[in-house]
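Throughout, read-outs are computed from the coordinates displayed, never taken from laboratory work. The structure presented is a predicted model; accordingly, all values stated were derived computationally and were not measured. Here the Cβ positions follow ideal geometry from the backbone for every residue, glycine too, while neighbour counts run over all protein chains shown.
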Amino acid sequence: MSCHNIPVFLPHAGCPHRCLFCDQHSISGTVRTPSPEEVRAYLEECLAHYPHDPVQTEIAFFGGSFTCMDLDYQRALLDIGGELVSQYGLQGIRLSTRPDGISPEIIRHLLEYPVQAVELGAQSMNDEVLGKNRRGHTAADTVRAAGLIRQTGLELGLQMMVGLLGDTVDTVWETARALANLQPDTVRIYPMVILRDTPAFALWEKGKYPIFSLEEGIQLCAGLLAFFEGRQIRVIKLGLHASKEVEGQYAAGLYHPAFRELCESRLYRQGMFSQISRWEEKRGTVYVHPKGLSACIGQKRENIIWLHQKGVEVRVKPKETVSRGWLLLCPEGCEKEEQGIAVKVTGTAGV
Ligand code: SF4
């Protein structure tokens, strides 16, 4: 079930050190860790004007390493969250933390509150890559922490990055496969963005941080999106949240305000090309649900232009009866829709 979050950002709170690439101040747009009183006031203000169904809403503590924070502060925030969850009938509390910030005692403590989802910043499942990026934990920590969370019945979320220092296409796929094997409920994929106020920026400036091009990143992340959703693992985030803070600190890397849409559009392109390029005439009409029309055509008609350059000609038309995330491909001269070929564009369930 899709769920809304009321995010509370706790930038770097609890983090034992700064990872190579991280600047939560820019990412969250929040400069300091709020006091419990400020958190309560903020949440009450949000809930007073809340537009979504509370039953499908979580309070989400993001931006730091929640379970590594001072225990009194954790308890104060969880007390406030718990009170508001019962007062407003919210779904529960979601929080993010580090894999080495999970133990049986910590899980027991979280279960005293209406915590329902824990997200682990796994980032990579390759120990060499983790070391280079100063993560301070190993892939084995992620496996162990995910197992502990799973045993309790809490929802498990895993976060991975694409383009960490030392990453190759192979290490990215190694990470994706290892994370899928842990059977998370959700995944977040963060393509690497080099932000100015980070050690990664200093390396990149000296030419010591090779990064994927945007084109490589889109191709790779489109594949990851299809991979996870093909295994019924929801990708609840793909790409860094677009904000003026991130844009102000951006130096290089895989940033685009509509990164996920570009990846979904790539999957539509692949779906069309994989079929139509094999037809004798290499031309036809593509029907798509109206909500997927722009992703299918691509920004500035880039999919149509790309297909044309490959000798494939398509007319794309909206059709309500085509399921979302599917294409109906009709060759030239095909008079009836039943003669069309239905193709699932994996990874576009929400388009
Ligand atoms: S990546 Fe996570 S653990 Fe590392 S500094 Fe950022 S918030 Fe803290």
If you go through the stretch 251-280, how many residues are of a type outside the set (Val, Ile, Thr), more than 19 Å from the chain's Cα centre (by Cα) and over 17 Å from Arg301 (Cα atoms)?
-> 8
Selection from the stretch 38-88 of residues in contact with a strand residue (DSSP E or B) (Cβ under 6 Å, 6 or more places away or on another chain) and assigned to a loop (DSSP other than H, G, I, E, B) yields His52, Gly63, Ser65
Would you say Ser96 is more than 28 Å from Val143 (Cβ to Cβ) and within 16 Å of the ligand (Cβ to nearest atom)?
-> no
Which of the residues that make up the stretch 160-210 are aliphatic (A, V, I, L, M) and not in a helix (DSSP H, G or I)?
-> Met160, Met161, Val162, Leu164, Leu165, Leu182, Val187, Ile189, Met192, Val193, Ile194, Leu195
Can you tell me which of Leu164, Leu203 is in contact with a helix residue (DSSP H, G or I) (Cβ under 8 Å, 6 or more places away or on another chain) and not basic (Lys, Arg)?
-> Leu164
Expected output for the stretch 59-79 (first residue free of Cβ contacts under 8 Å to residues at least 40 places away in the same chain and of a type in the set (A, V, I, L, M), partner part of a strand (DSSP E or B) and more than 10 Å from the ligand (Cβ to nearest atom), Cβ below 9 Å, 6+ apart or cross-chain) is Leu78/Phe61; Leu78/Ile93; Leu78/Leu95; Leu78/Val115
With respect to the numbered conditions (1) basic (Lys, Arg); (2) assigned to a helix (DSSP H, G or I); (3) touching a Ser or Thr at 6+ places or on another chain (Cβ under 8 Å), which one is the sole condition not fulfilled by Lys291?
-> (3)
Glu37 vs (1) touching a Gly at 6+ places or on another chain (Cβ under 9 Å); (2) over 16 Å from Thr97 (Cβ atoms); (3) not hydroxyl-bearing (Ser, Thr, Tyr): all pass except (1)
A careful count of residues in the stretch 55-105 that are touching a helix residue (DSSP H, G or I) at 6+ places or on another chain (Cβ under 6 Å) and surrounded by fewer than 16 Cβ atoms within 10 Å (Cβ to Cβ) gives 1
